[in-house]
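Enquirer: Quick one: the structure is below, and I'll ask about it shortly.
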Amino acid sequence: MFNKIMKRGQKKPSKSESVEPPIPNAPASNVTVNHASRVAAAEPQLPMTLATAPQNPGVVEVLPMMKDVPLSERHVIFIRKLQICCVFFDFSDTMKSAREKEIKRQNLAELVDMVQSGSCKMNEIMQEELVKMISINIFRCLPPAAHENTGSEAGDPEEDEMYMDPTWPHLQLVYELLLRYVVSSETDTRIAKRYLDHSFVLKLLDLFDSEDMREREYVKTILHRIYGRFMVHRPFIRNAINNIFYRFVFETERYNGIGELLEILGSVINGFALPMKEEHKLFLVRALIPLHKPKCVSTYHQQLCYCVTQFVEKDYRLADIVINGVLKYWPVTNCGKEVLFLGELEEILEVTQSAEFQRCMVPLFRQIGRSLNSSHFQVAERALFWWNNEHIVGLIADNRHVILPIIFDALEKNIRGHWNQAINGLSSNVRRMFLEMDTELFEECQRQHEEKEAKAGELEEQRDLAWKRLEEVAAQG
């Protein structure tokens, strides 16, 4: 490896390659970025220059711009700039170390411009040092969530104040540098995957739990790009995301980046080839569907709904599995969550075929009947809006002999006694639709409903008589 690197350094640089330096031996032993130094067995003596002068790794010094340094010394300046960018500062006090902070910021900005422009083709050691610097900056202990500090439960994310990391002016540049490195056409994936390895990916996934939304957006974009460029990492990334979901659903029910992870998966699922692998179907059943269980599902439901619907669009035979799965986690006392589930089921039914619909329509419309009679008018209204969807009305019409007897009592109850006038009107419209659809079936259902009402009335009378007899006996005693 050393001979190859030395030969590469002796080549005459082309115009398109501003920096393709030989690997220095002497100064490398002086460069320490929280890791073991590189020491060559035999180190040739180099003349003392700006680039080879020994430096204190803890000092933040002003270095010349890369473009102002001789080509033969740029690699040393590059690594020294990385070393400076490894220094941490206290951002709680804006005036403390202001000069050093600005030097670090300028160095990071220069590195971003250099990688983005492609003016510097980095050799393997430079790439390794770059990834180490990035790791030192971004892989850190995240601060505890605000509700953990107060001992209270997490509140509504739309009402809570958004957390702003004070170190963001530097962190943003580090993330931008990593993003530009990952997407750069100059980055050789065969070399980069040695440093952007499984350990790096796992630590990157941990950062999805950051309270700062800006950081989660960067991590989402970077992980998505890594998934796209490094095919060797794809199964590992999917498996790691699965484990995050399992821990979230069955243990903690607290994780900030579920929505961002689902956004990545939405794009991944869209690219699944057909016939779909059994691994992907298991992911749907074991990870995605249980994500309906947590109380905070509203924070990521839009992304979850998109992922689930993508599965059904890819393979319509999964529709009844998804619908039954959603029904399994149906909320009992959370009306806002129930409204979300009704909207999701409507989207799924739009891409459901008749055979799959028939396999799940009985439990589905038993639940819809209960939703129709909800005292929360938004739940009842959302359920009644299903009859505005032509595809769903078509499925209902084809299976009206099964569906109408299930929900007829609920419609009659709404018309006679629901407190909200809008629900009364919508229920009457649905009732009229069934009457026009099949008069004979409607009349049969109405007859059965009247018989049930009569029997219920008789039972009520018998119950009243029984209580009166008990009262008489008690009075005589």
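Enquirer: Just name the residue that is nearest to Lys220 (Cα to Cα) out of those in segment 300-342 that are among the aromatic types (Phe, Trp, Tyr), at pLDDT 95 or above and more than 19 Å from the chain's Cα centre (by Cα). Reasoning before the result, please.
Expert: Of the residues in segment 300-342, the ones among the aromatic types (Phe, Trp, Tyr) are 300, 306, 311, 316, 329-330, 341.
If we keep only those that are at pLDDT 95 or above too, we end up with 300, 306, 311, 329-330, 341.
If we keep only those that are more than 19 Å from the chain's Cα centre (by Cα) as well, we get 329-330.
Working: Tyr329: 28, Trp330: 30 Å.
Across segment 300-342, the extreme among qualifying residues is Tyr329.
Enquirer: Follow-up. In segment 119-139, what residues are at pLDDT 90 or above and not in a helix (DSSP H, G or I)?
Expert: The one that is at pLDDT 90 or above and not in a helix (DSSP H, G or I): Phe139.
Enquirer: Hey, could you check segment 58-79 for residues that are of a type outside the set (Val, Ile, Thr) and either in a loop (DSSP other than H, G, I, E, B) or touching a Leu at 6+ places or on another chain (Cβ under 6 Å) (or both) and say which is nearest to Val131 (Cα to Cα)?
Expert: Within segment 58-79, the first condition is being of a type outside the set (Val, Ile, Thr), and the residues that meet it are 58, 61, 63-68, 70-75, 78.
The next check asks that each one be either in a loop (DSSP other than H, G, I, E, B) or touching a Leu at 6+ places or on another chain (Cβ under 6 Å) (or both); those that pass are 58, 61, 63-65, 70.
Working: Gly58: 19, Glu61: 21, Leu63: 21, Pro64: 22, Met65: 21, Pro70: 24 Å.
Only one residue tops the list, namely Gly58.
Enquirer: Of the residues Asn256, Asn243, which is over 21 Å from Leu318 (Cβ atoms), among the polar types (S, T, N, Q) and part of a helix (DSSP H, G or I)?
Expert: On the way: Asn256 fails: part of a helix (DSSP H, G or I).
The conditions single out Asn243.
Enquirer: Can you tell me which residue within segment 85-118, out of those that are part of a loop (DSSP other than H, G, I, E, B) and of a type outside the set (A, V, I, L, M, F, W, C), is surrounded by the fewest Cβ atoms within 10 Å (Cβ to Cβ)? Can you show your working first?
Expert: Step one: of segment 85-118, the residues part of a loop (DSSP other than H, G, I, E, B) are 85-97, 118.
So of that shortlist, the ones also of a type outside the set (A, V, I, L, M, F, W, C) come out as 90, 92-94, 96-97, 118.
Working: Asp90: 11, Ser92: 8, Asp93: 10, Thr94: 10, Lys96: 11, Ser97: 17, Gly118: 15.
Filtering segment 85-118 for residues that are part of a loop (DSSP other than H, G, I, E, B) and of a type outside the set (A, V, I, L, M, F, W, C), the one surrounded by the fewest Cβ atoms within 10 Å (Cβ to Cβ) comes out as Ser92.
Enquirer: Report yes if some residue within segment 397-411 is among the aliphatic types (A, V, I, L, M), farther than 30 Å from Thr333 by Cβ, modelled with pLDDT of 95 or more and in a helix (DSSP H, G or I); otherwise report no. Write out each step before concluding.
Expert: Keep residues of segment 397-411 that are among the aliphatic types (A, V, I, L, M), which gives 397, 402-404, 406-407, 410-411.
The next check asks that each one be farther than 30 Å from Thr333 by Cβ; those that pass are 397.
Now drop any that are not modelled with pLDDT of 95 or more, which leaves 397.
Now drop any that are not in a helix (DSSP H, G or I), which leaves 397.
Within segment 397-411, one or more residues are among the aliphatic types (A, V, I, L, M), farther than 30 Å from Thr333 by Cβ, modelled with pLDDT of 95 or more and in a helix (DSSP H, G or I).
Enquirer: Condition first: buried (at least 18 other Cβ atoms within 10 Å of the Cβ), in a helix (DSSP H, G or I), out of contact with any Leu (no Cβ under 6 Å at 6 or more places or on another chain) and of a type in the set (A, V, I, L, M, F, W, C). Can you find one or more residues in segment 213-222 that meet it?
Expert: Within segment 213-222 (the criterion being buried (at least 18 other Cβ atoms within 10 Å of the Cβ), in a helix (DSSP H, G or I), out of contact with any Leu (no Cβ under 6 Å at 6 or more places or on another chain) and of a type in the set (A, V, I, L, M, F, W, C)), the answer is no, since none of the residues qualifies.
Enquirer: I've got another one for you. Do the conditions hold for Cys296, that is, is it part of a helix (DSSP H, G or I) and in contact (Cβ under 8 Å) with a residue 60 or more places away in the chain?
Expert: Details: part of a helix (DSSP H, G or I): yes; in contact (Cβ under 8 Å) with a residue 60 or more places away in the chain: yes.
Considered against the rule, which asks whether it is part of a helix (DSSP H, G or I) and in contact (Cβ under 8 Å) with a residue 60 or more places away in the chain, Cys296 comes out as yes.
Enquirer: In segment 375-384, how many residues are over 23 Å from Leu291 (Cβ atoms) and surrounded by 21 or more Cβ atoms within 10 Å (Cβ to Cβ)?
Expert: So the answer is 2.
Enquirer: Quick check, is Cys307 under 24 Å from Trp386 (Cα atoms) and buried (at least 16 other Cβ atoms within 10 Å of the Cβ)? Before the answer, list the steps.
Expert: Numbers: under 24 Å from Trp386 (Cα atoms): yes; buried (at least 16 other Cβ atoms within 10 Å of the Cβ): yes.
So Cys307 fits the description; yes.
Enquirer: Does Lys452 qualify as being of a type in the set (Lys, Arg) and within 46 Å of the chain's Cα centre (by Cα)? Break it down into steps so the answer makes sense when it comes.
Expert: On the way: of a type in the set (Lys, Arg): yes; within 46 Å of the chain's Cα centre (by Cα): no.
No.
Enquirer: Can I ask one more? Cβ-Cβ distance below 7 Å, separation of 6 or more or different chains: which pairs start in segment 407-425 with a residue that is without any contact (Cβ under 8 Å) to a residue 60 or more places away in the chain and end on one that is part of a helix (DSSP H, G or I) and basic (Lys, Arg)?
Expert: Cβ pairs passing all conditions: Leu411/Arg431; Ile415/Arg431.
Enquirer: Next up: Being farther than 16 Å from Leu372 by Cα and either surrounded by 11 or more Cβ atoms within 10 Å (Cβ to Cβ) or in contact (Cβ under 8 Å) with a residue 60 or more places away in the chain (or both) narrows it down to one of Glu472, Glu458, Glu453, Glu440, so name that one. Show your work before the answer.
Expert: Values: Glu472 fails: either surrounded by 11 or more Cβ atoms within 10 Å (Cβ to Cβ) or in contact (Cβ under 8 Å) with a residue 60 or more places away in the chain (or both); Glu458 fails: either surrounded by 11 or more Cβ atoms within 10 Å (Cβ to Cβ) or in contact (Cβ under 8 Å) with a residue 60 or more places away in the chain (or both); Glu440 fails: either surrounded by 11 or more Cβ atoms within 10 Å (Cβ to Cβ) or in contact (Cβ under 8 Å) with a residue 60 or more places away in the chain (or both).
The unique qualifying residue is Glu453.
Enquirer: Got a sec? Which of Pro169, Pro143 is under 19 Å from Arg214 (Cβ atoms) and either part of a loop (DSSP other than H, G, I, E, B) or modelled with pLDDT under 75 (or both)?
Expert: On the way: Pro169 fails: either part of a loop (DSSP other than H, G, I, E, B) or modelled with pLDDT under 75 (or both).
Result: Pro143 is the single residue among Pro169, Pro143 that is under 19 Å from Arg214 (Cβ atoms) and either part of a loop (DSSP other than H, G, I, E, B) or modelled with pLDDT under 75 (or both).
Enquirer: So, in segment 343-361, exactly how many residues are more than 17 Å from Leu288 (Cα to Cα) and either part of a loop (DSSP other than H, G, I, E, B) or touching a residue at least 40 places away in the same chain (Cβ under 8 Å) (or both)?
Expert: Counting residues in segment 343-361 that are more than 17 Å from Leu288 (Cα to Cα) and either part of a loop (DSSP other than H, G, I, E, B) or touching a residue at least 40 places away in the same chain (Cβ under 8 Å) (or both) gives 12.
Here's the yes/no breakdown for (1) within 17 Å of Asn243 (Cα to Cα); (2) in a loop (DSSP other than H, G, I, E, B); (3) among the hydroxyl-bearing types (Ser, Thr, Tyr):
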position	(1), (2), (3)
Glu260	yes, no, no
His280	yes, no, no
Pro290	yes, no, no
Gln310	no, no, no
Arg317	no, no, no
Val332	no, yes, no
Lys337	no, no, no
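The values are calculated or read from the model by the stated rules, or taken from the named source; none is laboratory data. Because the structure is predicted, anything quoted here is derived from the model rather than measured. Using ideal geometry, Cβ is built from the backbone for each residue, glycine included, and neighbour counts are taken over all protein chains shown.
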